[in-house]
Structure formats: C-alpha cells, structure tokens
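Asks: Take a look at this one; I'll ask things after.
The values are calculated or read from the model by the stated rules, or taken from the named source; none is laboratory data. On a predicted model such as this, the values are computed, not experimentally measured, just so you know. FYI the Cβ positions are ideal-geometry reconstructions off the backbone, even for glycines, and counts take in every protein chain you see.
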Amino acid sequence: MSEDIRSRIQGLIKGHKVVLFMKGTKQFPACGFSNTVVQILKKEGVPFETVNILADGEIRQALKEYSNWPTYPQLYVDGKFVGGCDIVTELHQSGELSKELAVVAAAAAPALN
C-alpha cells in the first residue's frame with residue numbers, strides 16, 4: 001500500500017470519532033451487512049460518518065490490508081478497528097457497543113464549567 005493511500009485512510013479514521021467503511025451510503029446502503037451496521041449505529045444514537053468503498057477502489061483494496069480484515073463493512077470507533085457486521089451485531093446485543101460509544105460521546109461533549 002502506498003504511503004499516500006495509508007495517509008488517506010488514517011485521515012478518515014482519525015478525522016471522525018465513529019466511521020463506517022461500507023458498500024453504499026448511510027442513506028442508501030448497497031448490501032445487507034452494511035445496512036445492518038447502519039441501523040445499529042442509528043439505534044445507538046451516535047453521530048457517525050460513512051465512506052462508500054464502492055466509489056473509491058483504492059480505499060476498498062487498501063483498507064483490507066490496513067485493517068487485516070477481508071470484508072466490509074468495517075467500523076472504527078475513536079481510531080480503533082471494531083470489526084465487521086457480525087462483531088458489531090454481537091457487541092450491540094451484549095451492550096458492549098453502547099459502552100464503547102458512550103465513552104466516545106462523553107469525550108466529544110463540551111466540558112461543563
């Protein structure tokens with residue numbers, strides 16, 4: 001993977017507290033797995049960004065190497081790779097995803113004086 005594409009991926013991950021690399025968009029998921037994770041994140045009530053890997057072949061190929069994860073979607077929270085659809089679904093059902101997202105939401109909230 002080129003340093004340029006690695007920098008682009010890192011910028012996307014570090015630039016958003018919660019980012020989902022997926023097929024399609026938040027409004028129009030292009031596969032059932034991507035749609036499942038979008039719906040989970042909406043239920044969690046956390047702001048999140050999406051990156052349509054179908055619109056960017058470089059990202060689509062390089063992210064597999066970057067994350068060492070072969071499939072999409074891929075969820076990153078606070079710069080850390082969480083997993084794909086199955087893992088996100090399990091974490092959501094167990095309540096662990098809510099805990100992880102709450103930490104991120106609390107860190108993003110303005111401090112009270």
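Asks: State the number of residues belonging to the stretch 69-81 that are under 13 Å from Ile9 (Cβ atoms) and either assigned to a loop (DSSP other than H, G, I, E, B) or modelled with pLDDT under 95 (or both).
Replies: Matching residues across the stretch 69-81 total 2.
Asks: Of the residues Thr36, Thr71, only one is farther than 14 Å from Val18 by Cβ and buried (at least 16 other Cβ atoms within 10 Å of the Cβ); which?
Replies: So the residue among Thr36, Thr71 that is farther than 14 Å from Val18 by Cβ and buried (at least 16 other Cβ atoms within 10 Å of the Cβ) is Thr36.
Asks: Next up: Can you give me the number of residues within the stretch 1-33 that are touching a Cys at 6+ places or on another chain (Cβ under 9 Å), part of a helix (DSSP H, G or I) and surrounded by 12 or more Cβ atoms within 10 Å (Cβ to Cβ)?
Replies: 1
Asks: Right, something else. Val51 - would you say it is in a helix (DSSP H, G or I) and closer than 24 Å to Gln27 by Cβ?
Replies: Considered against the rule, which asks whether it is in a helix (DSSP H, G or I) and closer than 24 Å to Gln27 by Cβ, Val51 comes out as no.
Asks: Would you please name the residue that is farthest from the chain's Cα centre (by Cα), looking only at residues in the stretch 31-53 that are at pLDDT 95 or above and among the small types (Gly, Ala, Ser)?
Replies: By that ranking, first place goes to Gly32.
Asks: Determine, yes or no, whether Glu90 is farther than 16 Å from Ile9 by Cβ and either out of contact with any Pro (no Cβ under 9 Å at 6 or more places or on another chain) or in a strand (DSSP E or B) (or both).
Replies: yes
Asks: Just give me the residues in the stretch 3-14 being touching a residue at least 12 places away in the same chain (Cβ under 8 Å) and over 22 Å from Asp86 (Cα atoms), in sequence order.
Replies: Ile5, Arg6, Arg8, Ile9, Leu12, Lys14
Asks: Looking at (1) closer than 30 Å to Glu3 by Cβ; (2) in contact with a helix residue (DSSP H, G or I) (Cβ under 7 Å, 6 or more places away or on another chain); (3) among the aliphatic types (A, V, I, L, M), which is the only condition Val104 fails?
Replies: (2)
Asks: In addition: Identify all residues within the stretch 54-88 that are of a type in the set (S, T, N, Q) and over 13 Å from the mean Cα position of the chain (by Cα); write none if there are none.
Replies: Gln61, Asn68
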